[in-house]
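No lab work stands behind these numbers, since they all come straight from the coordinates. Bear in mind that the values here come from a model prediction, so they are computed numbers and not experimental data. Heads up, the Cβs are rebuilt from the backbone with ideal geometry, glycines too, and the neighbour counts pull from every protein chain shown.
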Amino acid sequence: MMISEKLRSQEAIELEDKYGAHNYHPLPVVLSRGEGVYVWDAEGKQYYDFLSAYSAVNQGHCHPKIVGAMVNQAQTLTLTSRAFYNDKLGVYEQYITNYFGFDKVLPMNTGAEAVETALKICRKWAYEKKGIAENEAQIIVCDGNFHGRTTTIISFSNDENARKNFGPYTAGFIKIPYDDTEALEKALTSSQNVAGFLVEPIQGEAGVYVPSEDFLAKAQALCAAHNVLFIADEVQTGIARTGSLLAVCGNCNCEKSCEKQATYVQPDILILGKALSGGAYPVSAVLANDAIMNVIKPGQHGSTFGGNPVAAATAIAALEVVEEEGLAANARRLGQLFRDLLQEYVTESNIVTLVRGKGLLNAIVINDTEESETAWNICVKLAENGLLAKPTHGNIIRFAPPLVMTEEQLRDCVAIIIKTLKAFEPEL
Ligand SMILES: *Cc1c(COP(=O)(O)O)cnc(C)c1O
């Protein structure tokens, strides 16, 4: 019976509202099942997922190979802590370092933890290898960054909502505009104490800002020239999302990282999370070569769950799926198609001013103020029409479906998006 079934979603919302901290403002949709590019709500309505849990579910919901590996390991051994060795971690460490072309990995759980880890490694390297005086190290970050929610990370955010009243803030960060190599060079030359440059290859949370074609390569060269570590936060852009295995791989759509392509920018420290487990389990990683990673010695950093056998088994399966199913190439091809189809509409639209992105990390900008409710209302309507997306920063809507999508599904989704947007076009 519909009425009693309807209560299920309403009840779930009321429970979260009553008993959960209000640190999120979700769309009023209660999801209870997922498979591939689809999720279903508590009443059984089917949706295309165009958020993919902020790009954690690149391999699609409940991928049988990933879930299989996770369940199998969960029934065998879940957690040993790093007080002992386990028989999965080394295998995973070998696999992931080969996969991305680094000497070593430091396993953590969440993206924010991995960013914190990278910052700590960078500082330690600065004091022990570069010779910066104690407590003087500076790390350059970009305006509009999003690197997570810890007290140190929000210290260098410029989202007031993320920052305000969480002080005192961690010192040691220099902020420059994104996609601005002149500002980077100035910051690098202004001080002898710069240790690293932390950057998102595309700013996802900020609204999918794709930098100039040569920004990453130039930034890396500048960092190298100043003996400063180039730290790429690929928590959101990595694992095939932008049409290459990593966004720093540039215009190559092979499924593995390598140094063969002219466009590849090798970071000194690479930060991964989200889709590293295909959204099945919290798994993050920091990769670097020995000269950097070896500054970390026993007792200096760690995590009870980091590198646990379930995480190791799940992440291997998730990375295998990316390669086996050609997800980078699919993201590249479908992303281009998505932007081409939407661009046709944008040209004649009054409600959308532009579509931008790379691979299947895209966004549209709504022709209204950041404070307006229009983007939110469009997302509510999209949900009614069977497609889930969420505004980021008021008037921007991010579109990031699982990368296992087919062309037919993508065309269906574009039709839903355009139909929905048309209902918001101002009357002529
Ligand atoms: C999501 C995200 C993080 C933080 O990851 P959590 O798992 O939420 O802590 C860090 N950096 C970027 C670029 C992200 O998109």
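For this structure, a couple of remarks:
- Extension gain, ASP290 back to LYS381 (0.36 nm per residue minus Cα-Cα distance, nm): 27.7 nm
- In this rough spin-label picture, where each label sits 7 Å from Cα along the Cβ direction, the ASP412-LEU27 distance is 1.7 nm.
- Between GLU128 and ALA83, the modelled label-to-label distance comes to 2.5 nm, taking each label 7 Å out from Cα in the direction of the beta carbon.
- Pairwise label distance in nanometres, GLN10 with LEU337, each label 7 Å out on the Cα-Cβ vector: 4.1
- Euclidean distance of C-alpha centroids, segment 115-188 and segment 259-311, integer Å: 19
- Nearest 10 degrees, 0 to 90: helix 327-348 Cα axis against the chain principal axis: 50
- Contact order relative to length of segment 64-324, as percent, for alpha carbon pairs under 8 angstrom and 6 or more apart: 31
- Sparse-neighbour loop sites [trypsin sites (Lys or Arg not before Pro); segment 4-63; at most 16 other C-beta within 10 Å; DSSP]: LYS45
- Where chymotrypsin sites (Phe, Trp or Tyr not before Pro) in DSSP loops with at most 14 other Cβ within 10 Å are excluded, longest remaining stretch of the chain: 170-428
- R0 of 56 Å, Cβ-Cβ distance THR150-GLU427: FRET efficiency to nearest 0.05: 0.75
- Karplus 3J(HN,Hα) series, Hz, for segment 13-30 with 6.51 cos²θ - 1.76 cosθ + 1.60 (x for Gly, Pro): 5, 5, 5, 4, 5, 7, 9, x, 4, 8, 8, 9, 10, x, 5, x, 10, 10
- Neighbours of LEU198, meaning other residues whose beta-carbon lies under 13 angstrom from its beta-carbon, give a summed charge of -3 when Lys and Arg score +1 and Asp and Glu score -1.
- Only Lys, Arg, Asp and Glu carry charge here, each on its Cβ (+1 for the first two, -1 for the last two); on that basis segment 64-324 has a dipole of about 640 debye about its Cα centre.
- Under 24 Å from LYS45, Cα to Cα: lysines that are on another chain or at least 8 residues apart: LYS6, LYS381, LYS390, LYS419, LYS422
- As a calculated quantity, the FRET efficiency between THR353 and ASP17 at R0 = 41 Å, using C-beta atoms, amounts to about 0.75.
- Relative to the current alpha-carbon distance between ASP143 and ASN98, full extension at 0.36 nm per residue lengthens the span by 12.9 nm.
- Shape of the chain, Cα gyration tensor, a/c cut at 1.5: prolate
- Mean ellipticity per residue at 222 nm, deg cm²/dmol - from DSSP H runs of n ≥ 4 across the chain, formula -39500 (n - 2.57): -11500 deg cm²/dmol
- Sorting the segments 378-386, 327-335 by their mean number of nearby beta carbons within 10 angstrom, highest to lowest, gives 327-335, 378-386.
- Full-extension gain in nm, GLU43 to ASN158, via 0.36 nm per residue minus C-alpha separation: 37.4 nm
- Proximal lysine pairs, segment 75-201, alpha carbons under 21 Å, eight or more residues apart or interchain: 12
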